[in-house]
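What follows is a short report on a single structure.
Nothing in this text is a laboratory measurement; each read-out follows from the coordinates by a stated rule. Computed from a prediction, not measured in an experiment: that's the story for all the values here. So basically every Cβ, Gly included, is an ideal-geometry build from the backbone, and we count neighbours across all protein chains shown.
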2 protein chains.
Amino acid sequence: MSIQGRQLEERLSETGVRFTGGRRQVVAVLERSDGPLSAAELHRELAGKVPVSSLYRTLSVLEEAGVVEPHHGAGGITRYEIAEWLAGHHHHLVCIDCGAVEDIELPPRLELELERLVGEVTRLSSFSASGHSLEVDGRCARCG
Amino acid sequence: MSIQGRQLEERLSETGVRFTGGRRQVVAVLERSDGPLSAAELHRELAGKVPVSSLYRTLSVLEEAGVVEPHHGAGGITRYEIAEWLAGHHHHLVCIDCGAVEDIELPPRLELELERLVGEVTRLSSFSASGHSLEVDGRCARCG
DNA sequence: CCTATAATGAGAATCATTATCAAAACGTTA
DNA sequence: TAACGTTTTGATAATGATTCTCATTATAGG
């Protein structure tokens, strides 16, 4: 298992969350995915091996432990992905047709520019920023 | 009424949508707001003058006409705001506690940088970008 | 191997949103 | 202005994603 895997297990044991079979399967699918997945998408991907109610509970447990992060999309659908501190900072390409989300990582130079930009934007405001995400909307290869 | 108001009415009549009292009230509240509002927030703001069912229908009619745009937030809640072509391009400060969203406009220099950055990012990919939005997450003044 | 605690899964409950449909408002034309 | 066809409205029912409940099962530690 990858480096993040060790950190992930550490975090779970720290927070007293057992890394059970079902949870492992959910995490495994999320690790393989190239973008956040909804409960329905996970259920499909897992071929029903994890029942829907457990799936939702697992996702909220993992979110609370900070190993997974939500992304809110069209139709009131929430998609989850491995948290940034485990999977690395990235941004999203969001399809305005099917709602699918793909991760993109910015070249370091651009990411630095973006961070500087976010800093400038929030310096004056009464809003205390803790993170940022660039969302690019458009049509995915599938929806052309 | 402001310049966008004329464009807005034009667009509605072009698409054969009547600008009725209820719709005017919804648009008026959205115009005044400094960020996107959910159906519940609008209903509160309108002191119940527009019933919930009409509110939702109005929002989807306005969205279809392109005068209003959705923003998807925590808890599966959709907030709407006047479309960018009417209200101007901007970005969002999203409170990770209460979910409130505040608009921010980037200084032209930064916006240009961001646009160039988005261009660079998508040039190679099979994704055809049509828009972008920088979301800054953190805590609003209220939730401190 | 026991026992306390955590996790599971089926189903009911919830909440935002959508659909339905009869009644009311509107614009148009005679 | 009256009458007609169309659009809009609003109360209510239906939907769909998500959360809750609770009895059952699995697990870690002594």
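The figures follow:
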item	result
Chain A, helix-only ellipticity at 222 nm - DSSP H runs n ≥ 4, -39,500 (n - 2.57), divided by all residues, nearest 500	-13500 deg cm²/dmol
Convex hull (Cα only) mean projected area of chain A, reported in nm² to one decimal	10.4 nm²
Phi to ³J(HN,Hα) by Karplus 6.51 cos²θ - 1.76 cosθ + 1.60 over the stretch A:83-89, Hz, x for Gly, Pro	4, 4, 5, 9, 9, x, 6
Nearest 10 degrees, 0 to 90: helix A:52-64 Cα axis against chain A principal axis	50 degrees
Ellipsoid semi-axes in whole angstrom, largest first, where each is sqrt(5λ) of the Cα gyration tensor of the stretch B:28-102	18, 16, 11
Within the stretch A:70-114: backbone nitrogen closer than 17 Å to the A:Glu64 label point (7 Å, Cα to C-beta)	A:70
Approximate shape of the protein assembly as shown as ellipsoid semi-axes (Cα gyration tensor, √5λ), whole Å, largest first	35, 23, 19
Sites B:Glu120 and A:Ile77, calculated FRET efficiency, Cβ-Cβ separation with R0 22 Å, nearest 0.05	0.15
Helix B:3-14 axis, angle to chain B major axis (alpha carbon atoms, nearest 10°)	70 degrees
Taking the stretch A:1-120 and dividing mean pair separation by its residue count, relative contact order in percent (alpha carbons under 8 Å, at least six apart)	23 percent
Using a Förster distance of 25 Å, the FRET efficiency for A:Glu105-A:Arg6 (Cβ separation, nearest 0.05)	0.70
For A:Glu115, inter-copy label distances in nm, listed shortest first [label point 7 Å out on the Cα-Cβ vector]	2.7
Label spacing, shortest first and in nm, from A:Cys98 to its equivalents in the remaining copies (7 angstrom along Cα→Cβ)	3.9
7 Å along Cα→Cβ, label-point gaps from B:Ser126 to other copies, nm, shortest first	4.9
